Amino acid sequence: MTTAETPAAPRHPRLEEPGQGGGLRDVFRHRYLLSLLVRKEVRVRYQGTVFGFAWSYVKPLVRFLVYFLVIGLVFGIVRRVPNFAVHIVAGMAMVHYFTETFGSATKSVIKNRALVRKIYLPREMFPVASLLVSAVNIVPGLVILFGAAVLTGWYFEWVMIPAALLGFAIITAFGMAVGLLFSALNVYYRDFSKVVEILTMLTFWSCPMIYSFDRISDLFFADPDLRWAGELYLANPLAISVMLFQRAFWVPTVANDPTVDQTQVTLAPDLYTRGLIILAVSVLLVFVAQKVFTRLEPSFAEQL
Amino acid sequence: MATSIRVEHVSKQFTLRHAKTLRRMVTQVAHRKPLKGSYYALDDVSFEVEQGQSIGLMGHNGSGKSTLLKLVSGVMRPDSGSVRVAGRIAGLLEVGAGFHPDLSGRDNIYLNAAILGMSQAEIDGKMEAIVDFAQIGRFIDTEVRHYSSGMFMRLGFAVSVHADCEVFLVDEGLAVGDAPFKRKCVRKIKELHDEGRTLFLVSHNIKQVAKMCDRALVLDQGRLALDGSPDDASKYLAGEYDEDIEGDDF
């Protein structure tokens, strides 16, 4: 370490090409900067508000109330899905982790164009920071989920740990892959952020959150001719991740309840195997996305 | 002496997209006009800089100065040829690019210094010197959006000059703050140079280059037109260059 009064005499390092990114590994080397970027985003979010971080609980609570009242009570789903409240909240945690990551990562490079155009940093830094910020932002949702589950008779089983971790890992890897990919594409054509908005809208309906998997099972898995549609549904990382979270937080609250019709407590067949396969594919996608990013990144500064 | 910057046969071409929307593309094609155009921002530029030299990069607007600076800093890559630099690069490139208005001066120092590649320990060690240099004093824990524009620029400058580097880039950013602060900036940059850092200064200002640089490069429409003393550069640019308008930054 040096101080300003006695600066280190310059070394004589080797000549190197500046701006040669080392990809995600380089981001890890800059983890101090990464932590500052994440802290900045988290801190700035509720700056200037009197209630501060408390606001982060309001949004998921209101969202939950709307789903519960309109979809649960008005549409009458509560009769079809036991402990519907926890069923949605478990889904919401994963769905919003993903949509927030996807949306903010896609815009992350453009948002930081002032930096991208002036100073060389590993540009993967920006989507990675978005992912981490989103991960921090789901904490209130998780607290609400845990509280709701405990209030409705949740108990601890060992299986919840791998289930919840696998669900979280899938979204993290898949979110990283699509975040990297779209953040780079969006620099070239802003149309991609519109595509992301539409995909985000679809995400919401593509998971067993406001309806139960029981319905999908009846529709697609009962009929051998429609099985392909069921398999397609289960190829969605979001759907699997949501069900893994439901396995961890929702199933314990309903599985041993004699008043519950157990046929309504249905999750995807071979949930863990599917989860592991999807995680492996998602990790592979991260490598592919990194390749694309590395290809597009050298001309970011001139495109912005 | 070791080589600090080596630029070999570097060219950089920019593409201009004439039609950005599908509708415009269709009309362009219908009128048999091209969809894209391109021009050379840099055309076969080569030079070498020794460690510890101070170079003034000059030329008119649009001559390719900023592009060359961006290639040296690694923000852009050349289309052909190679740019190589020895050691860490820091500099005054649009002072305060990484500042966030809602963070305090102190938080912004951490953020900006980390962007310039400093570690937490390094920043902790230099914090006092940076705050001192910026003359921010008791406002250091105030949010930056309440700063005057002078304070904002001083803070940005203070962080940049405290970055540990071998190559220091200055993009016409010298004219910050009031006259005393400008003098302080120039002194500090000279000090960085005296300590053996390579200085790469982009400027319109012949007096400034003559004062601070031992060598000047002049770019003319993307080509290296002159590589010589600041005097030569001023002679080359004289006639077309009106010193009286831009000559009084110091």
* Breaking point among (1) in contact with a helix residue (DSSP H, G or I) (Cβ under 7 Å, 6 or more places away or on another chain); (2) part of a loop (DSSP other than H, G, I, E, B); (3) surrounded by fewer than 19 Cβ atoms within 10 Å (Cβ to Cβ), for residue A:136 -> (2)
* Determine if the range A:155-170 includes at least one residue that is surrounded by 17 or more Cβ atoms within 10 Å (Cβ to Cβ), modelled with pLDDT under 95 and closer than 29 Å to residue A:122 by Cβ. => no
* When only residues in the range B:194-228 that are assigned to a strand (DSSP E or B) and within 14 Å of another protein chain (Cβ to nearest Cβ) count, which is surrounded by the fewest Cβ atoms within 10 Å (Cβ to Cβ)? -> B:199
* Return yes or no: is residue A:197 assigned to a loop (DSSP other than H, G, I, E, B), surrounded by fewer than 16 Cβ atoms within 10 Å (Cβ to Cβ), more than 14 Å from every other protein chain (Cβ to nearest Cβ) and among the charged types (D, E, K, R)? => no
* What number of residues within the range B:75-87 satisfy the criterion of being more than 8 Å from chain A (Cβ to nearest Cβ), closer than 18 Å to residue B:48 by Cα and out of contact with any Leu (no Cβ under 7 Å at 6 or more places or on another chain)? -> 2
* Of residues in the range A:114-158 being under 30 Å from residue A:258 (Cα atoms) and of a type in the set (Gly, Ala, Ser), the one nearest to the other protein chains (Cβ to nearest Cβ) -> A:141
* To do: Name the single residue, out of those in the range B:109-128 being without any contact (Cβ under 8 Å) to a residue 12 or more places away in the chain and facing another protein chain (nearest Cβ under 7 Å), that is nearest to residue B:160 (Cα to Cα).
  => B:114
* To do: List every residue pair whose Cβ atoms sit under 7 Å apart, with the two residues 6 or more apart in sequence or on different chains, where the first one lies in the range A:51-72 and is over 24 Å from residue A:84 (Cβ atoms) and the second, anywhere, is of a type in the set (Val, Ile, Thr).
  => A:55/A:49
* **So residue B:36, is it within 11 Å of another protein chain (Cβ to nearest Cβ), closer than 23 Å to residue B:11 by Cα and free of Cβ contacts under 8 Å to residues at least 40 places away in the same chain** => no
* To do: Go through the range B:1-14 and give me each residue that's at pLDDT 85 or above and either polar (S, T, N, Q) or surrounded by fewer than 12 Cβ atoms within 10 Å (Cβ to Cβ) (or both).
  => B:3, B:4, B:11, B:13
* Out of all the residues in the range A:240-258, is one or more over 25 Å from residue A:142 (Cα atoms) and basic (Lys, Arg)? -> no
* Condition check for residue B:106: more than 13 Å from the chain's Cα centre (by Cα) and without any contact (Cβ under 8 Å) to a residue 40 or more places away in the chain -> yes
* Hey, can you tell me all the residues within the range A:16-37 that are touching a Phe, Trp or Tyr at 6+ places or on another chain (Cβ under 7 Å) and in a helix (DSSP H, G or I)? => A:36
* Please find, among A:182, A:168, A:220, A:174, the residue that is among the aromatic types (Phe, Trp, Tyr), out of contact with any Lys or Arg (no Cβ under 7 Å at 6 or more places or on another chain) and farther than 22 Å from residue A:276 by Cα. => A:182
* Asked: When the range B:50-76 is examined, which residues are found to be among the aliphatic types (A, V, I, L, M) and without any contact (Cβ under 8 Å) to a residue 60 or more places away in the chain?
  -> B:75
* Asked: Just one of the numbered conditions (1) of a type outside the set (Phe, Trp, Tyr); (2) free of Cβ contacts under 8 Å to residues at least 24 places away in the same chain; (3) farther than 20 Å from residue A:91 by Cβ is not true of residue A:147; which one?
  -> (3)
* Asked: Considering B:6, B:17, B:32, B:23, which residue is in contact with a strand residue (DSSP E or B) (Cβ under 7 Å, 6 or more places away or on another chain) and farther than 30 Å from residue B:201 by Cβ?
  -> B:17
* Residues of the range B:55-69 that turn out to be in contact with a Cys (Cβ under 8 Å, 6 or more places away or on another chain) and within 14 Å of chain A (Cβ to nearest Cβ), as a count -> 0
* Only listed residue being modelled with pLDDT under 90 and in a helix (DSSP H, G or I), chosen from A:105, A:129, A:114 -> A:114
* Asked: For the range A:247-267, which residues satisfy the criterion of being under 15 Å from residue A:234 (Cα atoms) and at pLDDT 90 or above?
  -> A:267
* Qualifying residue in the range B:21-38 (condition: farther than 30 Å from residue B:188 by Cα, at pLDDT below 90 and touching a helix residue (DSSP H, G or I) at 6+ places or on another chain (Cβ under 7 Å)) -> yes
* Is it true that residue A:81 is away from chain B (no Cβ under 14 Å) and part of a loop (DSSP other than H, G, I, E, B)? -> yes
* To do: Please enumerate the residues belonging to the range B:15-47 that are under 20 Å from residue B:76 (Cβ atoms) and surrounded by 14 or more Cβ atoms within 10 Å (Cβ to Cβ).
  => B:40, B:41, B:42, B:43, B:44, B:45, B:47
* To do: Find the helices (runs of 4 or more DSSP H) located wholly in the range A:203-297 whose residues include 1 or more that are under 18 Å from the mean Cα position of the chain (by Cα) and crowded, with 17+ Cβ neighbours inside 10 Å, and list them.
  => A:227-234, A:237-249, A:271-296
* Residue check for residue B:56: at positive phi and either under 22 Å from the mean Cα position of the chain (by Cα) or buried (at least 16 other Cβ atoms within 10 Å of the Cβ) (or both) -> no
* Structure fact -> Exactly one of B:72, B:131 is aliphatic (A, V, I, L, M) and either at the interface with chain A (Cβ under 7 Å from one of its Cβ atoms) or under 26 Å from residue A:22 (Cβ atoms) (or both), and that residue is B:72
* Asked: With respect to the numbered conditions (1) more than 10 Å from chain A (Cβ to nearest Cβ); (2) surrounded by fewer than 23 Cβ atoms within 10 Å (Cβ to Cβ), which one is the sole condition not fulfilled by residue B:105?
  -> (2)
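The values are calculated or read from the model by the stated rules, or taken from the named source; none is laboratory data. Since the structure is predicted, the reported quantities are computational estimates derived from the model, not experimental observations. All Cβ positions, even for glycine, are placed from backbone atoms using ideal geometry, and neighbour counts span all protein chains on display.
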